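Structure, as C-alpha cells:
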Amino acid sequence: MDLDKRLQRLEDAGFTNIPSLVKRYPQLLSLRTKRTMEHYVEAGLGLSYEDVVRMTEKCPAILGVNATKAVERLEDLLLVSSTTQQEKRRQRLLLLEVGMIVRSFPQALTYNIENRLHCLARLLLLSSTTNNNNKDCDPNTTSNNTTNNELDNSNKARVLLGKMVRKYPPILGYNLESRLALLEEAGISRSQSLKALPNFPQLVSYDIHSRMQKLHDAGLCSSSSSSQPPLLKQLVGTFPPLIGYDIEKKIQGLVTHVGVNRTQALTMIVNYPRIVQVSAETTAGPAARCLLRTYNNATISNSIVVTLDYLVQHPRILTRSVPNCLEPRLQRLEELDQPLQLAPTTLVSLSNQAFDEQYGKLGDDLPPVPKKEQQQQQRRSSSRNKKTKEKVKS
C-alpha cells in the first residue's frame with residue numbers, strides 16, 4: 001500500500017492532524033488503526049468511537065499494543081482492590097472503571113504493569129527490611145521472614161498500585177524508586193512516602209525542591225535549635241500532602257476568614273498541618289465565629305478561656321463543620337443546661353456515636369445513661385441480688 005492510501009486510511013478513521021500523529025508515532029502508518037479502535041469501543045469500557053479518537057490523539061501508541069491484553073492487565077490490577085460482591089456486576093463495573101481511567105490517561109494502556117509491580121514490591125521490601133533492622137531480630141528467623149515478606153509485599157504492591165491508579169492514573173508513568181529517593185533527600189523517608197501514596201499518589205509528581213522552597217519562602221522555616229530536625233522537613237515528613245497545597249493562598253485564607261494575623265496563621269499550620277485540607281471560607285472561618293460567639297471569652301473547665309489565641313493553639317477544632325457537627329452539639333448541650341461544660345477540643349474530638357451515647361441527640365427528652373454507668377448499675381444490682389439470695393438461704 002502506497003503512502004497516500006495509508007494517509008487516507010487515517011483520515012477515514014476520523015483523525016484531523018495526521019502529520020502530527022505520524023511524526024509522534026510513525027508506526028501508525030503500518031497499523032490496522034480502525035479495527036483496533038473498534039476493538040476498544042466493543043470491549044465494554046463505555047467508550048465511544050469519538051473517545052478513542054481523542055485518546056489516540058493524546059497517545060497514538062495505544063493502537064500499537066494488544067488491546068485485549070492491555071485492558072486485561074488494567075482490569076486485573078483493579079480487581080485485587082475491588083470490594084464489589086456480585087461477580088457479573090463487579091466485572092462490568094471494573095470495565096467501566098478501566099474505561100474512565102484510559103479515557104483521561106490513555107498512556108495507561110501502554111505501560112508494563114508487572115514491571116511497576118516488581119518495583120513497588122521491592123520498595124516495600126526495602127522499607128520493611130529497614131524497619132526490621134532497627135529492631136532486635138533473631139538471626140535464625142531472618143531468612144524465613146524475608147521469604148514471607150517477599151510474598152506479602154508482592155500482594156501489597158498489587159493492592160497499593162491499584163488504589164493509586166484509581167486516584168491518579170499517571171502514577172504508572174513515574175519511576176517510583178527515583179522519585180522516592182528525591183523525596184527522601186527532602187526529608188520524607190521511604191516508609192513515610194509509601195504510607196502517604198495510597199491516599200495522595202500525586203506526591204511523586206511534584207518538583208519536591210521547588211515546593212520545599214515555596215514552603216520555606218512562605219515562612220515555614222527551619223527550627224533554630226540544631227539539636228532538633230529542621231521544622232520544615234519535620235512538617236512535610238509527618239504530613240507529606242502539605243507540599244501539594246498553595247500555602248500562601250491558605251495563609252491568606254486564614255487571615256481573611258478566621259481573623260488571625262500572618263504569624264498566627266503560620267502557627268496554626270505548624271500546630272496542625274492538616275488544617276490546609278479544609279476551606280478557610282466555608283469551614284475554618286465559620287467554626288471560629290461559632291465557637292467565639294458561643295463561649296464569648298467565658299472561663300470553662302480547667303480555667304480555659306476560649307479566645308482567638310486559644311483557637312490558634314488548637315486549630316484542629318476549626319476543621320469540623322458548623323451545621324453538621326458544632327451547632328447540633330452546642331444546641332444539645334444547651335438543652336441539657338450545660339453549654340460550657342465541654343472544652344472545644346473535647347467537643348470536636350468525640351465521634352458522633354460517642355457524643356450521642358453520652359449526651360443524646362438534639363431533641364431527646366433525657367440524656368442517655370453512659371455505658372460505664374450502665375455497667376456499674378448492673379454490677380450493683382447483681383451484687384444486691386446475690387446478697388438477697390444468701391440471706392434467704394440462711
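Kindly state, as a whole number, the per residue volume in cubic angstrom of the convex hull around the alpha carbon atoms of the stretch 214-355. Write out the running numbers ahead of the final one.
Values: hull volume 18.1 nm³, N = 142.
Hull volume over Cα atoms, normalised by residue count, gives 128 Å³.
Return the Rg/Rh value of the stretch 153-241, two decimal places, where both radii are evaluated on C-alpha atoms and Rh is the Kirkwood radius.
Working: Rg = 14.1 Å, Rh = 13.8 Å.
Computed over Cα atoms, the ratio is 1.02.
Using label points projected 7 Å from each Cα along Cα→Cβ, tell me how many nm separate Asp76 and Asn199, to one decimal.
Label-label distance for Asp76 and Asn199, simple model: 3.1 nm.
Residues of the stretch 48-62 with backbone nitrogen within less than 18 Å of a virtual label 7 Å along the Cα-to-Cβ line of Gln27, please, listed as ranges.
So the set is 55-62.
So how far apart, in nm, are the two label points at Gln338 and Asp2 if each is 7 Å from Cα heading toward Cβ?
Simple spin-label model gives 9.3 nm for this pair.
What FRET efficiency would be calculated for the residue pair Glu42, Asp152, taking the C-beta separation as r and a Förster radius of 45 Å, to the nearest 0.05?
Numbers: r = 38 Å, r/R0 = 0.86.
Working from the Cβ atoms, E equals 0.70.
Packing-wise, with mean Cβ within 10 Å as the measure, how do 115-126, 22-33 rank, highest first? Walk me through the numbers on the way to the answer.
Working: 115-126: 17.9, 22-33: 14.8.
Those peptides, ordered most packed to least, come out 115-126, 22-33.
May I ask you to order 283-294, 342-353 by the average number of other C-beta atoms within 10 Å around their residues, highest value first? Show your work: numbers first, answer last.
Details: 283-294: 19.5, 342-353: 15.6.
Final packing ranking: 283-294, 342-353.
What's the extension gain from Glu57 to Gln252 if we count 0.36 nm per residue and subtract their Cα-Cα distance? Don't jump to the answer; show the numbers that get you there.
Values: separation 195, 0.36 × 195 = 70.20 nm, distance 4.05 nm.
Contour length minus the Cα-Cα distance gives 66.1 nm.
Show me the three semi-axes of the equivalent ellipsoid for the stretch 297-360, from the C-alpha gyration tensor (sqrt of 5 times each eigenvalue), largest first, rounded to whole Å. Walk me through the numbers before you get to the answer.
Working: eigenvalues 71, 42, 20 Å².
Taking √(5λ) for each eigenvalue gives 19, 15, 10 Å, largest first.
At Glu50 and Glu281, where each label point lies 7 Å from the Cα along Cα→Cβ, what is the point-to-point distance in nanometres?
About 3.3 nm separates the two model spin labels.
Calculated FRET efficiency, Ser303 and Thr238, Cβ-Cβ r, R0 30 Å, to nearest 0.05?
Numbers: r = 30 Å, r/R0 = 1.01.
For Ser303 and Thr238, the calculated efficiency is 0.50.
Provide Rg over Rh for the stretch 257-311; use the alpha carbon set for both Rg and the Kirkwood Rh (inverse mean inverse pair distance). Before the final figure, lay out the partial values.
On the way: Rg = 11.7 Å, Rh = 12.0 Å.
Expressed as Rg/Rh, it is 0.98.
Beyond 23 Å between alpha-carbons counts as too far, so tell me which of Lys167/Lys214; Lys214/Lys250; Lys167/Lys195; Lys69/Lys163; Lys163/Lys214; Lys156/Lys250 fall in that bin. Before the final figure, lay out the partial values.
On the way: Lys167/Lys214 25 Å; Lys214/Lys250 13 Å; Lys167/Lys195 15 Å; Lys69/Lys163 21 Å; Lys163/Lys214 29 Å; Lys156/Lys250 35 Å.
Exceeds cut-off: Lys167/Lys214; Lys163/Lys214; Lys156/Lys250.
Where a number appears in this text, it was derived from the coordinates with a stated rule and is not lab data. Since we're looking at a predicted model, the values are computed, not measured. Don't worry about glycine lacking a Cβ; one is built from the backbone with ideal geometry, like all the others, and counts go over all protein chains shown.
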